[in-house]
1. Compute and list, largest first, the equivalent-ellipsoid semi-axes of segment 107-210 from the alpha carbon gyration tensor, each √(5λ) rounded to a whole angstrom.
2. List the pair-distance distribution P(r) of segment 46-95, using every Cα-Cα distance, as the percent of pairs falling in each 5 Å bin from 0 up to the bin containing the longest distance, rounded to whole percents.
3. With a 1.4 Å probe and all protein chains left in place, how much accessible area per residue does segment 79-210 have, in Å²?
4. Quick one: the Cα spread of the chain along its three principal axes, in angstroms, biggest first?
5. Rounded to the nearest 500 deg cm²/dmol, what is the calculated helix-only ellipticity per residue at 222 nm for the chain, with -39500 (n - 2.57) per DSSP H run of length n ≥ 4?
6. Which percent of the accessible area of segment 101-210 is formed by carbon and sulfur heavy atoms (probe 1.4 angstrom)?
7. What full-extension length gain, to one decimal in nm, is calculated for ALA179 and ALA65 as 0.36 nm per residue of separation minus the Cα-Cα distance?
8. Using a 1.4 angstrom probe and counting only protein chains, how large is the accessible area of SER119 in Å², to 10?
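The values are calculated or read from the model by the stated rules, or taken from the named source; none is laboratory data. Here the structure is a predicted model, which means the values were calculated and not measured. In this analysis, Cβ positions are derived from the backbone assuming ideal geometry, glycine residues included, and neighbour counts consider all displayed protein chains. For accessibility, only protein heavy atoms count, side chains too; no ligands or nucleic acids. Shrake-Rupley method; radii C 1.70, N 1.55, O 1.52, S 1.80 Å.
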Amino acid sequence: ENLLRAKRRFEKLNHQRLRLLPRALALGVLSGLMAVAFARTMDAGETLRLAFLVFAHRFGNWGIALSILFSVTAVCLAVWLVRYFAPAAAGSGIPHLKGVLLGYRSMNWRRLLSVKFVSGVIGVTGGLTLGREGPTVQMGGALGRMLGNYSPGDSVEQRTLIAAGAGAGLSAVFNAPLAGVIFVLAELQGNFSPPTLFAALIASLTADVL
């Protein structure tokens with residue numbers, strides 16, 4: 001009887017892995033592309049800001065006022081986008097993801113993904129000091145929610161994809177797939193279930209390759 005129970009458990013686990021594999025691969029691809037696009041766009045925003053400062057420097061004191069106006073306008077626009085369209089995009093985003101995985105918070109992945117990306121780039125262009133870790137992790141989680149919504153699976157698998165997407169985002173931004181997996185297991189999920197480990201590993205490795 002114990003042997004039969006173990007066989008059924010193995011078959012169930014194997015079935016979960018086969019169902020998660022294509023989604024974890026797709027999630028790794030999407031998270032990797034998102035991380036690259038976010039990094040490149042932030043670099044372009046930084047270049048634009050520096051070019052504008054050089055241009056404004058020609059006008060002396062008026063140039064200083066123009067630079068301040070440019071920064072204030074960009075920062076206010078970024079804050080407005082977050083406040084009125086996706087309040088969950090505020091801050092690093094990691095506490096929000098933990099709240100989603102624990103069932104305390106909801107996630108509108110469309111608004112979160114677009115507002116986090118656009119407001120982050122605008123904020124950097126305006127001169128804010130922003131890191132890539134938190135935004136990329138949260139946007140990776142949003143991509144996981146997207147795949148979970150458009151593919152069959154229960155709520156447990158949907159949460160697994162959200163966590164795996166967060167790990168894939170971290171893996172891509174730091175070129176550290178093992179750190180992405182450990183982050184998912186220790187920080188977000190708090191458990192070492194085989195499906196979560198499998199999905200996080202596949203997604204993180206794929207995102208790192210991209």
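1. Working: eigenvalues 110, 54, 21 Å².
Here the semi-axes work out to 23, 16, 10 Å.
2. 4, 20, 19, 17, 13, 12, 9, 5, 1
3. Values: 5880 Å² over 132 residues.
About 45 Å² of surface per residue is accessible.
4. 85, 32, 26
5. When only DSSP H runs of four or more count, the value is -27000 deg cm²/dmol.
6. C and S atoms contribute 61 percent here.
7. Values: separation 114, 0.36 × 114 = 41.04 nm, distance 4.37 nm.
Full extension from ALA179 to ALA65 adds 36.7 nm.
8. 10
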